[in-house]
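Readers should treat all values here as calculations from the given coordinates under stated rules, not as data from a laboratory. None of the values given here were measured: they were computed from a predicted structure. Note: ideal-geometry Cβ built from the backbone for every residue, glycine included; neighbour counts use all protein chains shown.
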Amino acid sequence: MRVIAGSVKGRRLKGPPERSRKGKASVTRPSSDLVRESLFSTLDAMGADFSRVLDLYAGSGALGIEAMSRGGGTCDFVERQNAACRLIAENLGLTGFASHADVLCLPVARALGQLEGPYTLVLADPPYADEAAPAIMETLAESALVETGETVIALEHSAREEPKAALGDFSLVKSRRHGDSAVSIYR
């Protein structure tokens, strides 16, 4: 896994181990380089503002770090798994972005009540099997963390799921499929 473009282009990031110590498969599924490259090309073409980024279900932090590399000012990372939070902190150290980021090691639903908006870009890559994620994304879209017409919300999801036409007042502007993954962008 590497940073695709920007100030730390080509920098390798640490990813989750394939298996945990208990022999279970990792529950963190990093976005592929192809998905990240397509997502950020689309965001660049839209003129998305990377000045204040929120990376939900952050995993390794690759999405938020990519945004920071492309000129993002600050990024708040939200991840519930302690091991993943440590991984995000390591990757922020590797890229030199630690002083411009905060890592909240909390479930996303709880973090939404503790964060202060508005954000200019929200990146969300919930686990595909997380049945609570759609309701959490609706809560986000109706919160003071985002501003209609100003904030862009990018949601990665299973390609088997049709994207919702809207999240709150945010309308679907583009959706792209990449193998098992899809990215839907709302503005």
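Dividing the Cα radius of gyration by the Kirkwood radius, what Rg/Rh value follows for region 29-103?
On the way: Rg = 11.6 Å, Rh = 12.3 Å.
Dividing the radius of gyration by the Kirkwood radius yields 0.95.
Any idea what the relative contact order of region 37-186 is, in percent, if you count C-alpha pairs under 8 Å spaced at least 6 apart? Write down the numbers at each step before the final one.
Working: 272 pairs, mean separation 30.0, N = 150.
Relative contact order, region 37-186: 20 percent.
At D102 and E162, where each label point lies 7 Å from the Cα along Cα→Cβ, what is the point-to-point distance in nanometres?
With each label point 7 Å from Cα toward Cβ, the separation is 3.9 nm.
Give the calculated FRET efficiency between R176 and D33 to the nearest 0.05, with a Förster radius of 22 Å applied to their Cβ-Cβ distance. Intermediate values should be presented prior to the final figure.
Numbers: r = 15 Å, r/R0 = 0.67.
My answer for the efficiency is 0.90.
In which sequence would E138, E162, E156, E66 go, from the one with the fewest C-beta neighbours within 10 Å to the one with the most? Please report the intermediate quantities before stating the final value.
Numbers: E138 15, E162 10, E156 21, E66 31.
Arranged by neighbour count, lowest to highest, E138, E162, E156, E66 become E162, E138, E156, E66.
Take the alpha-carbon positions of region 28-187, form their convex hull, and give its projected area averaged over all directions (one quarter of the hull surface) in nm². Working shown, then result.
Values: hull surface 32.1 nm².
Mean orientational projected area (region 28-187, Cα hull): 8.0 nm².
Could you pull out every residue, at least 5 positions away or on a different chain, whose amide H is within less than 5 Å of the one on D55? Hs are placed 1.01 Å off N in the peptide plane, and Pro or chain starts have none.
When sequence neighbours closer than 5 places are left aside, the close amide H contacts are D76, F77, V78, L123.
Restricting to lysine pairs 8 or more places apart or on different chains, what number in the chain have Cα atoms under 29 Å apart? Before the final figure, lay out the partial values.
On the way: K9/K174; K14/K22; K14/K24; K164/K174.
So the count of such lysine pairs works out to 4.
In what sequence do T95, T42, T148 fall when counting other Cβ within 10 Å, fewest first? Don't jump to the answer; show the numbers that get you there.
Numbers: T95 22, T42 18, T148 13.
Going from sparsest to densest Cβ surroundings: T148, T42, T95.
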